[in-house]
Amino acid sequence: MFTGSIVALVTPMKKDGSIDYDALHKLVEWHISSDTDALVVTGTTGESATLTDEEKFDITTRVVQQVAKRIPVIAGTGTASTHHTIELTRKAQAAGADAALIVTPYAIKPSQNGLYEHYKAIAEKVTLPIILYNVPGRTACDLLPETVKRLSQIKNIIGIKEATGKLERGIEIAQLCGKNFAIYSGDDATALGLLLDGAQGIISVTSNVAPRKMHDLCKAALTGNKALAEKLNAELMPLHIKLFLESNPVPSKWALHKMGLIPEGIRLPLLPLDAKYHAELEKALLETGCLHEKAIT
């Protein structure tokens, strides 16, 4: 299982929207030096919906080669199409990813049986470990605990990123699926509660801008140091909240640009963070010490 602070990595882009591979390289090294426990590339936070298949394969290949097994690399491969998702997951496996993070099909609103058959079909076509990803607030599709239980019985479906923000949901899944099925929080603001109740880690937006402190928070929670974990979580709460002033990853990319870590590029239909939120987010960055961070050159 993958454990700890797993960053849902942004995709650095130049002002014209093209991918900045130099900035990506520096960002990955910064995360490794900051003790980030694993990377998720080409996920929702990485603007997967606006990346081409070729870009996704290129990003995954480059990051896998750069990381060279120092930490796990998980590729986001989920789409609304089962066939397309199989293709992308096969490509991620060929690129050397350690696992695939697969979001529920968005907009289509399949039944629970449809979701089961979707994930089953993907799992049968690859040997790559698969992490389910449930984020109904963005997909209009909720992967229910009983369906997760059925899916957990498929050998290479190893866990779920549960991003409803409901602590009871994660606990129910853990009870249904047992200790060999990993639970990852996908909601930074509520993640600590799930970690203290047995989750294996956080697939995190906040880790983009505060990687070391998020690693320390996860380590404290996973080793039973509740007091330290609660202290670190309280310190990080301004970021947990302010990094969602607009749709993710808009605030995260603005914050990383403000920190001097990436250019300001983002792809339509997303736009750079509205100026009315700049002061709020900058205040949160200052409060958490993030504006003092520097990229590795």
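Can you confirm whether the stretch 11-29 contains a residue that is among the acidic types (D, E), surrounded by fewer than 24 Cβ atoms within 10 Å (Cβ to Cβ), without any contact (Cβ under 8 Å) to a residue 60 or more places away in the chain and within 30 Å of K213 (Cβ to Cβ)?
First pass over the stretch 11-29, keeping only residues among the acidic types (D, E): 16, 20, 22, 29.
Subset that is surrounded by fewer than 24 Cβ atoms within 10 Å (Cβ to Cβ): 16, 20, 22, 29.
Next, only the ones that are without any contact (Cβ under 8 Å) to a residue 60 or more places away in the chain stay: 22.
Filter again for within 30 Å of K213 (Cβ to Cβ), leaving 22.
Yes, because at least one residue in the stretch 11-29 is among the acidic types (D, E), surrounded by fewer than 24 Cβ atoms within 10 Å (Cβ to Cβ), without any contact (Cβ under 8 Å) to a residue 60 or more places away in the chain and within 30 Å of K213 (Cβ to Cβ).
Might you let me know whether the stretch 248-257 holds any residue that is on the phi < 0 side of the Ramachandran plot, among the aromatic types (F, W, Y) and either assigned to a loop (DSSP other than H, G, I, E, B) or buried (at least 17 other Cβ atoms within 10 Å of the Cβ) (or both)?
yes
Given the structure, is A199 touching a strand residue (DSSP E or B) at 6+ places or on another chain (Cβ under 8 Å) and in contact (Cβ under 8 Å) with a residue 12 or more places away in the chain?
Numbers: touching a strand residue (DSSP E or B) at 6+ places or on another chain (Cβ under 8 Å): yes; in contact (Cβ under 8 Å) with a residue 12 or more places away in the chain: yes.
Yes, satisfied.
Results for (1) of a type in the set (S, T, N, Q); (2) within 26 Å of S34 (Cα to Cα); (3) surrounded by 20 or more Cβ atoms within 10 Å (Cβ to Cβ), shown as yes or no for each residue.
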| residue | (1), (2), (3) |
| --- | --- |
| E146 | no, no, no |
| A174 | no, no, yes |
| S207 | yes, yes, yes |
| M214 | no, yes, yes |
| T223 | yes, yes, no |
| K226 | no, yes, no |
| M237 | no, yes, no |
| I241 | no, yes, no |
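Out of the residues in the stretch 265-297 meeting the condition of being modelled with pLDDT of 95 or more and charged (D, E, K, R), tell me which one is farthest from the chain's Cα centre (by Cα).
K276
Could you tell me whether the stretch 41-51 includes any residue that is in contact with a His (Cβ under 6 Å, 6 or more places away or on another chain), buried (at least 17 other Cβ atoms within 10 Å of the Cβ) and either assigned to a helix (DSSP H, G or I) or of a type outside the set (A, V, I, L, M, F, W, C) (or both)?
Initially, the stretch 41-51 is screened for residues in contact with a His (Cβ under 6 Å, 6 or more places away or on another chain), giving none.
Checked the stretch 41-51: no residue is in contact with a His (Cβ under 6 Å, 6 or more places away or on another chain), buried (at least 17 other Cβ atoms within 10 Å of the Cβ) and either assigned to a helix (DSSP H, G or I) or of a type outside the set (A, V, I, L, M, F, W, C) (or both).
Restricting attention to the stretch 98-131, which residues are in a loop (DSSP other than H, G, I, E, B), touching a Ser or Thr at 6+ places or on another chain (Cβ under 7 Å) and either farther than 26 Å from A199 by Cα or in contact (Cβ under 8 Å) with a residue 40 or more places away in the chain (or both)?
Keep residues of the stretch 98-131 that are in a loop (DSSP other than H, G, I, E, B), which gives 98, 104-111, 126-129.
Narrowing the set further to residues that are touching a Ser or Thr at 6+ places or on another chain (Cβ under 7 Å) leaves 104, 106, 126, 128.
Residue satisfying the conditions is V126 alone.
Does I102 satisfy the condition of being modelled with pLDDT of 95 or more, crowded, with 24+ Cβ neighbours inside 10 Å and either under 30 Å from K219 (Cα atoms) or in contact with an Asp or Glu (Cβ under 8 Å, 6 or more places away or on another chain) (or both)? Please lay out each step first, then the result.
Details: modelled with pLDDT of 95 or more: yes; crowded, with 24+ Cβ neighbours inside 10 Å: yes; either under 30 Å from K219 (Cα atoms) or in contact with an Asp or Glu (Cβ under 8 Å, 6 or more places away or on another chain) (or both): yes.
In short, yes.
Consider the stretch 165-202. How many of its residues are closer than 16 Å to V148 by Cβ, β-branched (V, I, T) and modelled with pLDDT of 95 or more?
Residues in the stretch 165-202 being closer than 16 Å to V148 by Cβ, β-branched (V, I, T) and modelled with pLDDT of 95 or more: 2 in total.
Can you tell me which residue among I131, I122 is in contact with a Phe, Trp or Tyr (Cβ under 8 Å, 6 or more places away or on another chain), under 27 Å from A95 (Cα atoms) and not polar (S, T, N, Q)? Give the derivation first.
On the way: I122 fails: in contact with a Phe, Trp or Tyr (Cβ under 8 Å, 6 or more places away or on another chain).
After ruling out the rest, the residue left standing is I131.
Table: residues versus (1) in contact with a helix residue (DSSP H, G or I) (Cβ under 6 Å, 6 or more places away or on another chain); (2) polar (S, T, N, Q); (3) closer than 19 Å to T42 by Cα.
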residue	(1), (2), (3)
Y184	no, no, yes
S207	yes, yes, yes
A210	yes, no, no
L217	yes, no, no
L228	yes, no, no
N233	yes, yes, no
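Quick check on the stretch 77-97: of everything there that is of a type in the set (S, T, N, Q) and part of a loop (DSSP other than H, G, I, E, B), which residue is farthest from Y133 (Cα to Cα)?
First, pick out the residues of the stretch 77-97 that are of a type in the set (S, T, N, Q): 77, 79, 81-82, 85, 89, 93.
Still in the list and also part of a loop (DSSP other than H, G, I, E, B): 77, 79, 81.
Details: T77: 11, T79: 11, S81: 15 Å.
Once the filter is applied, the top-ranked residue is S81.
Name the single residue that is surrounded by the fewest Cβ atoms within 10 Å (Cβ to Cβ) among those in the stretch 52-76 being part of a helix (DSSP H, G or I) and of a type in the set (S, T, N, Q). So that I can check it myself, show each step before the final result.
Of the residues in the stretch 52-76, the ones part of a helix (DSSP H, G or I) are 53-67.
Filter once more, keeping what is of a type in the set (S, T, N, Q): 60-61, 65-66.
On the way: T60: 26, T61: 19, Q65: 11, Q66: 14.
Taking the candidates together, the pick is Q65.
The values are calculated or read from the model by the stated rules, or taken from the named source; none is laboratory data. Predicted, not measured: the structure shown is a model, and the values here were computed from it. Every residue, glycine among them, receives a Cβ derived from its backbone with ideal geometry; neighbour counts consider all protein chains shown.
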